[in-house]
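Quick notes on the structure that follows.
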Amino acid sequence: MTSATATTTKRRILALLLAGLTDQAVATQLGVSPRTLQRRLRHLMDMAGVRTRMQLGGHAVRNGWAEPL
């Protein structure tokens, strides 16, 4: 994660998804389109080296990208 803003946005995406929000709800909360959210999720999954959102959530919690609920 490169800049402080990007880090904050990525952490917020992860937190909202871990809280159980839908893609549409997360996109609305962030003020982005669902497609933009999907691209950001794909980028996070590529960074983490995972293939599913479930794996992304686990990776995020284990590596300090997000707090466990």
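The values are calculated or read from the model by the stated rules, or taken from the named source; none is laboratory data. This is a predicted model, so every value here is computed, not measured. Heads up, the Cβs are rebuilt from the backbone with ideal geometry, glycines too, and the neighbour counts pull from every protein chain shown. For the accessible areas, the whole protein counts, side chains as well, though only heavy atoms, and no ligand, DNA or RNA atoms are used. Shrake-Rupley method; radii C 1.70, N 1.55, O 1.52, S 1.80 Å.
For the pair Met47 and Glu67, a Förster radius of 22 Å applied to the C-beta separation gives a FRET efficiency near 0.75, rounded to the nearest 0.05. Checking [x] 4.2; [y] 4.5; [z] 5.2 against mean projected area of the Cα convex hull in nm² calculated from these atoms, the matching label is [x].
Candidates Met45, Thr9, Ala66 compared by Cα position along the dipole of the chain: farthest toward the positive end lies Met45, with charges placed on Cβ. A 1.4 Å probe run over the chain, with the rest of the protein chains in place, finds 64 Å² accessible per residue.
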